[in-house]
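Have a look at the structure below, then the notes.
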Amino acid sequence: MKLFIALTLLFSTISCTSPAELPPKLNTFVLKNINIVDIENRKIQFDKSLIINEGKIQKVIHSPLPASSMNIKVIDGNGGYVTPGLIDMHVHMYEKAAFTLALSHGVTHVRIMNGIPAQLAWRDQVAKGELIGSSATVSSPIISAYDDTPLHHTVHTADQAKAAVEEYHSQGYDLIKVYGNLNEESLTAIVATGKMLNIPLAKHGPHASGDMPVSSLVGLQSFEHIEDIYQGPLNYTFAHNRLPSVAEEIKATNVPVTPTLNIFYQLTKLSADKERFLDTMPKEYTSDIIAFYTLNDQVERWLTSSNKMIEHNQRTLTFLQQTTRAFHDAKITMLVGSDSGVLLSPHGLATHNEMRLMRESGLDAFDVLAAATINPAKALKLDDQIGKVVENYNADFIFSNANPINNLAVLEMPDAVVKNGYYYSKQTLKKLRENAIESRSFWDELTALYQAL
């Protein structure tokens with residue numbers, strides 16, 4: 001009864017409006033007549049309304065609303081669906097436009113996996129509302145054993161490894177990114193220092209170094225790239241019979257796995273269809289500097305693939321999807337990560353391609369959405385803020401006219417996205433994409449990359 005009285009007073013002077021009429025900075029409104037995709041409980045909550053107040057989901061109530069006429073904007077969802085904002089756990093972003101492009105496709109949070117100082121500033125600008133885009137978790141520059149590799153921090157000893165973690169922790173990075181080629185001494189020191197400083201670690205490849213058991217990596221934030229199972233523990237063999245034992249070892253660590261199928265799919269399509277596939281890619285999503293580097297390095301390699309290489313890539317992609325299904329069946333926590341920004345892979349769109357590939361691997365729609373919402377939120381220790389459409393959480397969600405459980409593709413071009421309570425209609429999202437592309441600066445990106453070297 002108290003709730004009903006409070007809501008009646010709240011809505012006593014509400015006026016209705018269409019989404020297109022909303023002020024661009026409105027973060028207090030009501031979204032009525034919607035259905036909520038409840039991923040955690042694997043069901044749809046029908047006939048709901050959301051009260052959004054200053055960027056938070058204040059109330060989730062049953063429709064219809066109490067009779068009202070209060071001066072709060074009301075959007076009629078007309079029976080549409082609200083899905084938690086997507087979280088892409090593996091991206092590479094070297095310009096501001098990437099944050100906006102990702103958000104325009106419903107990706108409300110990203111984890112950047114090769115940090116540079118400029119990303120820390122962009123992360124903070126989004127948090128302050130100075131930049132419209134996905135919020136971000138930013139990793140350190142990659143710590144690896146490669147010598148003279150751009151945007152990598154080279155370490156070969158325990159002292160160097162410890163110093164690197166301490167340096168990036170002090171600079172404000174959110175996690176440490178480590179590569180698979182580190183020696184045992186360095187990796188051991190990184191794990192120990194990370195625990196001491198309470199800064200998370202994510203590792204390229206779901207395996208340890210040297211004679212270290214995988215169990216020594218308990219407590220990491222995630223393992224990246226399922227192809228490293230094929231290249232590492234399986235030694236480039238399609239050993240289906242060994243997948244259960246490998247999965248069992250990884251499951252015992254309780255570390256989530258980010259498959260990043262999207263990039264292997266892309267290189268497979270480039271090798272097989274060559275220029276035909278390249279012509280289908282939205283090149284405007286990639287900055288000039290990254291496009292120039294990628295086209296003249298990574299892409300060229302696959303455009304000249306032989307028939308033998310094409311066949312091998314296709315077989316490998318199939319095996320990687322089978323491995324993804326085997327890991328899921330083994331109850332390993334899965335995370336969506338697109339590796340966007342690599343191989344011209346478009347921010348935002350690549351996230352949805354990763355979800356499609358995971359769906360084709362045998363995960364159902366709720367499983368895929370869990371890998372893009374509640375699982376990464378938990379891995380990032382943000383599961384009390386994002387990843388669900390529930391009271392007191394951030395108002396970060398996607399609105400779609402159609403049910404995404406029936407077809408995940410409806411989330412790719414959302415009918416609306418709400419980020420920090422700000423409502424962006426389909427038309428506004430289109431304008432945001434166009435403005436981000438038109439306003440990108442060659443010199444700003446060059447400066448950001450130069451400062452990182």
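The values are calculated or read from the model by the stated rules, or taken from the named source; none is laboratory data. Predicted model only: the values in this text are computed from it and were never measured. Because the Cβ atoms are built from the backbone with ideal geometry, glycine has one as well, and the counts that use them run over all protein chains shown. Each accessible area value is taken on the protein alone, full model and side chains, heavy atoms only, with ligands, DNA and RNA left out. Shrake-Rupley method; radii C 1.70, N 1.55, O 1.52, S 1.80 Å.
Here the accessible area of the stretch 250-354 is 50 percent carbon and sulfur, with a 1.4 angstrom probe and all protein chains present. Taking amide hydrogens as placed 1.01 Å from N in the peptide plane, the amide H of Lys59 sits under 5 Å from those of Ile51, each at least 5 positions away in sequence or on another chain.
Full extension of the segment from Gln231 to Asn53, taken as 0.36 nm per residue of separation minus the current Cα-Cα distance, would add 59.2 nm.
Backbone geometry of the stretch 226-238 corresponds, through the Karplus equation with coefficients 6.51, -1.76 and 1.60 at θ = phi - 60°, to 3J(HN,Hα) couplings of 6, 5, 6, 5, 5, 7, x, x, 8, 6, 6, 10, 8 Hz, x marking Gly and Pro.
In the stretch 350-423, the inverse of the mean reciprocal separation of distinct Cα atoms equals 13.0 Å; this is its Kirkwood hydrodynamic radius. Overall, the stretch 360-453 carries a charge dipole of about 240 debye about its Cα centre when +1 sits on the Cβ of Lys and Arg and -1 on the Cβ of Asp and Glu, all other atoms neutral.
For the stretch 84-123, the Cα gyration tensor yields ellipsoid semi-axes of 17, 11, 8 Å (square root of five times each eigenvalue, largest first, whole Å). Over all pairs of different C-alpha atoms in the stretch 143-231, the reciprocal of the mean inverse distance, the Kirkwood hydrodynamic radius, equals 12.9 Å. Per-residue surface analysis assigns Leu131 an accessible area of about 30 Å², computed on protein heavy atoms at 1.4 Å probe radius. Across the chain, Cα-Cα distances exceeding 30 Å account for 45% of all pairs. Partners of Lys203 within straight-line reach, counting lysines whose Cα lies under 24 Å from its Cα and excluding those fewer than 8 residues away in the same chain: Lys162, Lys177, Lys195, Lys251, Lys331, Lys378, Lys381.
In this Cβ point-charge picture (+1 for Lys and Arg, -1 for Asp and Glu), the chain has a dipole of about 1320 debye about its Cα centre. Rg then Dmax, both in Å and based on the Cα atoms of the stretch 211-293: 17.2, 45. Here, the stretch 62-195 is characterised by an Rg to Rh ratio of 1.19, where Rg is the alpha-carbon radius of gyration and Rh the Kirkwood radius.
Averaged over residues, the count of other Cβ atoms within 10 Å places the peptides 383-395, 244-256 in the sequence 383-395, 244-256, highest first. Sorting 424-432, 297-305, 169-177 by average packing, meaning the other beta carbons within 10 Å per residue, from highest down gives 169-177, 424-432, 297-305.
Accessible surface area normalised per residue over the chain is 43 Å², counting heavy atoms of protein chains with a 1.4 Å rolling probe.
Ordering Arg440, Arg433, Arg325 by accessible surface, largest first, gives Arg325, Arg440, Arg433; the 1.4 Å probe counts only protein heavy atoms, with every chain in place. Which residues in the stretch 26-67 have a backbone N closer than 19 Å to a point placed 7 Å from the Cα of Asn406 along the Cα-to-Cβ line? Residues passing the 19 Å test: 33-39, 42-48. For the stretch 381-435, the Kirkwood estimate of hydrodynamic radius, built from reciprocal distances between every pair of different alpha carbons, is 12.3 Å. Check which residues have an amide H placed less than 5 Å from Ala416's amide H, if you skip close sequence neighbours. Here the answer is Phe399, since their amide H atoms fall under 5 Å of that of Ala416. Each residue of the stretch 27-43 was assigned a 3J(HN,Hα) from its phi angle through the Karplus expression (A = 6.51, B = -1.76, C = 1.60, θ = phi - 60°), giving 10, 10, 6, 10, 10, 9, 6, 10, 10, 9, 7, 8, 6, 4, 9, 6, 7 Hz with x at Gly and Pro.
In this structure the amide hydrogen of Arg111, modeled in the peptide plane, comes within under 5 Å of the amide hydrogens of Asp88, Met89, His90, Val91, Thr137, none closer than 5 places in sequence on its chain. Scattering from the stretch 200-259 was approximated by placing one identical point on each alpha carbon and applying the Debye formula without solvent; log10 I(q)/I(0) at 0.16, 0.18 1/Å stands at -0.44, -0.56.
Solvent-accessible area of the stretch 101-183 (1.4 angstrom probe, protein heavy atoms only): carbon and sulfur portion equals 49 percent. Normalised by 2.2 N^0.38 Å, with N the number of residues, the alpha-carbon radius of gyration of the stretch 316-453 equals 1.20.
Extents of the stretch 261-383, taken as max minus min of Cα coordinates on every principal axis and listed largest first, are 41, 32, 19 Å. Each Lys or Arg adds one and each Asp or Glu subtracts one; over the other residues with Cβ under 12 Å from the Cβ of His328, this totals +1. In this Cβ point-charge picture (+1 for Lys and Arg, -1 for Asp and Glu), the stretch 39-152 has a dipole of about 500 debye about its Cα centre.
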